[in-house]
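S.K.: My structure is below; once you've seen it, I'll send some questions.
The values are calculated or read from the model by the stated rules, or taken from the named source; none is laboratory data. Computed from a prediction, not measured in an experiment: that's the story for all the values here. Cβ sites come from the backbone with ideal geometry, for glycine too, and all protein chains shown count toward neighbours. Ligands, DNA and RNA are excluded from the accessible area calculation, which covers all protein heavy atoms including side chains. Shrake-Rupley method; radii C 1.70, N 1.55, O 1.52, S 1.80 Å.
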Amino acid sequence: MRRGLFESLKDYSDSDFYPFHMPGHKRNPDSGPLSDFYQMDITEIDGFDNLHQPETIIKEAQEHAARLYGAQETYFLVNGSTAGILSAVSAVAGRGDRLIIARNCHKAVYHAAFLNHLRLHYVYPEILADYGIAGQVKAETLDAKIREILSEDEGQSPNDTEAIAGIVITSPTYDGVCSDIEALAKVAHGYGIPLIVDQAHGAHFGMHPAYPENAVRQGADLVIHSVHKTLPAPTQTALIHRNGNLTDGEYLRKYLRIYQSSSPSYLLMAGIDEGVRLAEEEGFKRLGNLLEWRDEFLKKIKGCRHFQVCPYTEPGKLVIFVRDAVITGRLLYDLLREKYHLQMEMASGNYVVAILTMMERKEGLERLGDALIDIDKALFLKADQSEIKGQKMPEYFSLKPEKKTELWNAYLSPYQEIELEEAQGETAAEFINLYPPGIPILVPGEAVSSEAIHIIREYLHSGYEVQGICENKIKVLK
């Protein structure tokens, strides 16, 4: 049986080896309140391999993860999915290349485009009209975008795809909506273009038939999983998988060495290894239990007049909507946190998001159900709701700003800060996004429209965190 990183670290911490090496705490019990934590915190010493050139214990752990997900190659990420996204995009796209991305990609994809001076082309997800959230990116939408780009360059045939370096899709979204990756991969591969899938919220996919299959087995070329988001692993841990011959493994490894720390944490790597092990050994059973508890929760709140769970998400997400805009999602989020001590993942528009994982406890879902019933009764019985009356928050996923200059150019150009209300017609010099989920409302280089100003203002006034706006001022190009 393979000995994991954790067992090896434990053995070493119990040994009499004295550390004349980093880290500086020296595993000394007098190191402070975290001294117990430090006992297995080491650097690249003999017998513990090297993440950037693995040959023994780390190599074996990565190969174990690759087998679980069905990947040709899998690499540990200790700088989060962000490092994986930066590495994946950089590995497929050279300076100045074209990249097709879903508009609702995480800002890390945009940062990769900035660093490589890429020319971005957007595919827009469908909008789930009843809920005001981003839906799937359709295969026919992607195919139409590829043909549109190819037809822009005079003299190119539909089979000449050198103009398009790659495609990036987020599935599932932060709200838990999945695209048909198999269909998208078929379209991309028909043109010889690699497909990158940011599946940060889907590390548990493929481990139970009631959940979607993982994007690796669905044919994507590069897939990023945030292990810490849905598996039992420390924050900042992730995986990147590679399959097929449309991407270069050596290129990927080069960029992983660039974007990852040269002093990777062995505690984080052991956390990845243990999270993968537990998912393999217990994931099916635990995810099955979660489904039962989730169904019980849905039955419990079925009679609520003001709350509804979106039915279009994968089972690991609860997207709880407020009907008729009685209160905003932000107000519901605050109520659940302050009165019931239930911390949601995020609030956006007229809903809140709860992440459910294989490590869930039944008690948590029972408490959430009771709280929603309690809040629902209070809203219904309150004769005068003027103090808590909310409003329907504007959608921002369907906003299609005009591009006035390339992202990389705008992000490096001189700027000025002006009042938000005075910015109509100006060019954004900074990313403007709600956080979470980190999806841009405006990207540097895009025109600031009256619609964008309205959306930003409404979210600010409703108490949401809008990154890129400080004291009601926005950065625009001089």
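S.K.: Report, ordered by chain and residue number, the aspartates and glutamates lying within cross-link reach of Lys26, taken as a straight Cα distance under 18 Å and ignoring same-chain residues fewer than 8 apart.
M.R.: Lys26 reaches Asp11, Asp14, Asp16, Asp36, Asp41, Glu44, Asp46.
S.K.: Say a site is exposed when it is one of the GluC sites (Glu not before Pro), sits in a DSSP loop, and has at most 14 other Cβ atoms within 10 Å; what is then the longest site-free stretch of the chain?
M.R.: 163-386
S.K.: Working out 0.36 nm times the residue gap between Gln72 and Glu417, then minus their Cα-Cα distance, what length gain in nm do you get to one decimal?
M.R.: Additional length available on full extension: 119.4 nm.
S.K.: Also, I was wondering about something else. Show that you can apply the helix-only estimate: for the chain, add -39,500 (n - 2.57) for every DSSP H stretch of four or more residues, divide by all residues, and state [θ] at 222 nm to the nearest 500.
M.R.: -11000 deg cm²/dmol
S.K.: Here's a follow-up. State which entries of Lys186/Lys300; Lys186/Lys302; Lys107/Lys473; Lys59/Lys107 exceed 32 angstrom in Cα-Cα distance in the structure shown.
M.R.: Correct reply: Lys186/Lys300; Lys186/Lys302.
S.K.: Once the convex hull of the C-alpha atoms of region 1-155 is built, how many Å³ does it hold per residue, rounded to a whole number?
M.R.: 218 Å³
S.K.: Next up: Based on DSSP H assignment, which helices of the chain show an axial Cα extent of at least 18 Å together with a mean Kyte-Doolittle hydropathy greater than or equal to -0.5? Intermediate values should be presented prior to the final figure.
M.R.: Numbers: long enough: 57-69 (19 Å, -0.40); 80-92 (19 Å, 1.40); 139-152 (20 Å, -0.26); 266-300 (43 Å, -0.40); 362-381 (29 Å, 0.19).
Flagged H segments are 57-69, 80-92, 139-152, 266-300, 362-381.
S.K.: Can I ask one more? Leaving out ligands, DNA and RNA, what percent of the accessible area of region 341-468 is carbon and sulfur, probe 1.4 Å?
M.R.: On the way: 2780 of 6000 Å².
Carbon plus sulfur share of accessible area: 46 percent.
S.K.: Take Lys285, Lys403, Lys300 and sort them by solvent-accessible surface of the protein heavy atoms, 1.4 Å probe, largest at the top.
M.R.: The most accessible residue leads, giving Lys285, Lys403, Lys300.
S.K.: For region 314-357, which trypsin sites (Lys or Arg not before Pro) pass both filters: DSSP loop (anything but H, G, I, E, B) and at most 14 other C-beta atoms within 10 Å?
M.R.: Lys339
S.K.: While we're here: If we restrict to alpha carbons, what Rg and Dmax does the chain come to, in Å?
M.R.: Spelled out, the Cα radius of gyration and Dmax of the chain are 23.6, 71 Å.
S.K.: All other residues with a Cβ under 15 Å from the Cβ of Glu296 taken together, and with Lys, Arg as +1 and Asp, Glu as -1, what is their net charge?
M.R.: +1
S.K.: Where both partners of a DSSP beta bridge lie in the chain, what percent of those bridges are antiparallel, to the nearest 5?
M.R.: If we restrict to bridges inside the chain, about 70 percent are antiparallel.
S.K.: Kindly give Rg over Rh for region 59-114, based on alpha-carbon atoms, with the Kirkwood expression for the hydrodynamic radius.
M.R.: Values: Rg = 13.4 Å, Rh = 12.8 Å.
We get a ratio of 1.05 for region 59-114.
S.K.: With viscosity set to 0.692 mPa s at 37 °C, what whole-number translational diffusion coefficient in µm²/s follows for region 305-351 from Stokes-Einstein and a Kirkwood radius over Cα pairs?
M.R.: 298 µm²/s
S.K.: Moving on to the next point. For region 304-424, what does the convex hull of the Cα positions come to per residue, in cubic angstrom?
M.R.: 189 Å³
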